[in-house]
Amino acid sequence: MSSAQQRLNQVSSHFGGKKGAAGITEKHPDDIVVTCALRTALTKGGKGGFKDTAAADLLAGVFKAVINKSGIDPKVVEDIAVGSTAAVKSLNRQCSSGLQAIVDIANAVQSGMIDVGIGAGVESMSSQYGPGAVTEFSELLESHPESANCKVPMGVLRPSRPRRLASSTRRSPPLDVKWTDPKTGEEKTITVKADDGIREGITAESLGKIRPAFAKDGSIHAGNASQISDGAAAVLLMKRSTAERLGQKIIGKYVSASVVGVKPLLMGVGPWASIPLALEKAGITKDDVDIYEINEAFASQCVWCVNELGLPQEKINPKGGAIAFGHPLGCTGSRQVSTLLTELHRTNKKVGVTSMCVGTGMGMAAVWVAE
C-alpha cells in the first residue's frame, strides 16, 4: 500500500468513514484547530506604509496582535515556523512559504512534538526582493535545462487577461511604524491599518491602456498581475482538546494539504495540480467547497486553473486577491487563511481551500473548515 493511500485511509478513519463535507465538519479532540488568524495590512513595495519596516518588525507586530487577540499565554507557544523568501530564520517554498509554515506546525502538533505553535509568513519586498530571490544555483544546475528554467521570470511564462478587482475582508491589526517621506526625507511615525494597493475607479478600458511589463508584445502588466507588497500574517494552531483546556475560541480547523511539482515553465498551473490532491486527502469533492482562495500571481494563471478545474467563478476570491491588494511572497500562504476563515464566517459557510502556484515549478493547497 502506498504512503498516499495509507494517509487517505487514516483520514477516512479519522472522519468516521463519512464522505464529503459531513465527514470533515465533525469535531474530534485531536483535530488541529485555528484559534487566531491575523494579518497586517498589505502595502505597496518600495513606497507604501511598510517600505521602511524590516520583516522582523512586521512579524513582531503580528505576533503581538495574535497574543492580544487570542489571550494565549506566550509561554505555552512551543514553536514558531515562518515562511519567507528572504533572509530570516525561516523556511522557503517560494510563494507557498507561509502555508508550508502553517502545515509544518500542524504536523508538529499532530505528531505530539508540540502542543501549541504559530505558523506565519512575512515579506518585505521593499528591502528583500529582486533578481537574487532565487540564488541556489551552481554551475551544474545552470547547465541542466529544466533546472535553468526555474530562473525564468514568471511574467513571461503565460499570456494574461484582466479580471475584476475588489476589496478585502480582513483581520488586520494596525501597526505603528517609522516611515520616511520620499519627498522631504522627513522621518515620522505612521499607523498602517489598511491595504493601500486597492484602486478605485479601475475599468477594463483603463487596464487596457497599461503597457506590458515583461515584453513589448506581451499582455502581462501592472493591472493584471499581483502587486509587489510588504506584509505579515500569523496563524495560531493547537489540538481541539488543548484549545478547550486553555479556553481558546476555535475559529476553524486544518484538514489536509498537498504539495505537487509541475514543469518550471508551467509553474502557474500549480493550483490545478494541487487542489484535487488536497481534496482527495480530505475525502471531499470540489463541489463540497464553499470558497476557494487561489492566489492571483497573474490573472491568466488563476483564470486558467479555475477554468480547467471547472470551479464556479463566484466561489473564487470573493473579496479580491493578490491583484487587488498584493502578494508579499512569503506572507501570502498565511494571509489566505485569515482571509478565508473571515469570509466563511461572514457568509455562514463551512469549507474552504487555499492554494497558490509556486516559483520554480510547484503548487500547494490546503483544506480548511470554519467553526
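Points worth noting:
- Of all residues in the stretch 134-150 being at pLDDT 70 or above and in a loop (DSSP other than H, G, I, E, B), the one that is surrounded by the most Cβ atoms within 10 Å (Cβ to Cβ): H144
- Any hit, the stretch 153-169, residues being at pLDDT 75 or above and not hydrophobic (A, V, I, L, M, F, W, C): no
- Residue list for the stretch 26-62, restricted to those being over 13 Å from S124 (Cβ atoms), over 17 Å from the mean Cα position of the chain (by Cα) and surrounded by 18 or more Cβ atoms within 10 Å (Cβ to Cβ): D31, I32, V33, T35
- Which listed residue is assigned to a helix (DSSP H, G or I) and under 15 Å from the mean Cα position of the chain (by Cα), from V66, V103: V103
- Screening R211 on (1) buried (at least 23 other Cβ atoms within 10 Å of the Cβ); (2) of a type in the set (D, E, K, R); (3) assigned to a loop (DSSP other than H, G, I, E, B) shows it passes everything except condition (1).
- Qualifying residue in the stretch 282-292 (condition: surrounded by 23 or more Cβ atoms within 10 Å (Cβ to Cβ) and closer than 23 Å to L42 by Cα): yes
- Note on the stretch 15-70: residues that are hydrophobic (A, V, I, L, M, F, W, C), more than 25 Å from D176 (Cβ to Cβ) and in contact with a Lys or Arg (Cβ under 9 Å, 6 or more places away or on another chain) amount to 5.
- Extreme residue, nearest to the chain's Cα centre (by Cα), among residues of the stretch 342-358 that are within 16 Å of I294 (Cβ to Cβ) and of a type outside the set (S, T, Y): M356
- Residue identified as out of contact with any Gly (no Cβ under 7 Å at 6 or more places or on another chain), in a strand (DSSP E or B) and not hydrophobic (A, V, I, L, M, F, W, C) among G119, G49: G119
- Qualifying residue in the stretch 251-261 (condition: assigned to a helix (DSSP H, G or I) and within 30 Å of H144 (Cβ to Cβ)): no
- G330 vs. criteria at pLDDT below 95, under 29 Å from S126 (Cβ atoms), assigned to a loop (DSSP other than H, G, I, E, B) and of a type outside the set (S, T, N, Q): no
- Looking only at the stretch 252-271, and only at residues there that are of a type in the set (A, V, I, L, M, F, W, C) and crowded, with 24+ Cβ neighbours inside 10 Å, the one that is nearest to C305 (Cα to Cα): M267
- Residue tally, condition surrounded by 24 or more Cβ atoms within 10 Å (Cβ to Cβ), in a helix (DSSP H, G or I) and not aliphatic (A, V, I, L, M), over the stretch 339-371: 1
- Among the criteria (1) part of a strand (DSSP E or B); (2) farther than 30 Å from M125 by Cα; (3) of a type in the set (D, E, K, R), the one D287 does not fulfil is (1).
- The lone criterion from (1) among the β-branched types (V, I, T); (2) over 29 Å from D195 (Cα atoms); (3) assigned to a loop (DSSP other than H, G, I, E, B) left unmet by I220 is number (2).
- Inside the stretch 227-241, residues that are in a strand (DSSP E or B), within 15 Å of the chain's Cα centre (by Cα) and surrounded by fewer than 24 Cβ atoms within 10 Å (Cβ to Cβ) make up a count of 0.
- E293 of a type in the set (D, E), in a helix (DSSP H, G or I) and at pLDDT 95 or above: no
The values are calculated or read from the model by the stated rules, or taken from the named source; none is laboratory data. No experiment lies behind these values; they were computed from the predicted model shown. Methodologically, a virtual Cβ is constructed for each residue, glycine included, from the backbone with ideal geometry; neighbour enumeration extends over all protein chains shown.
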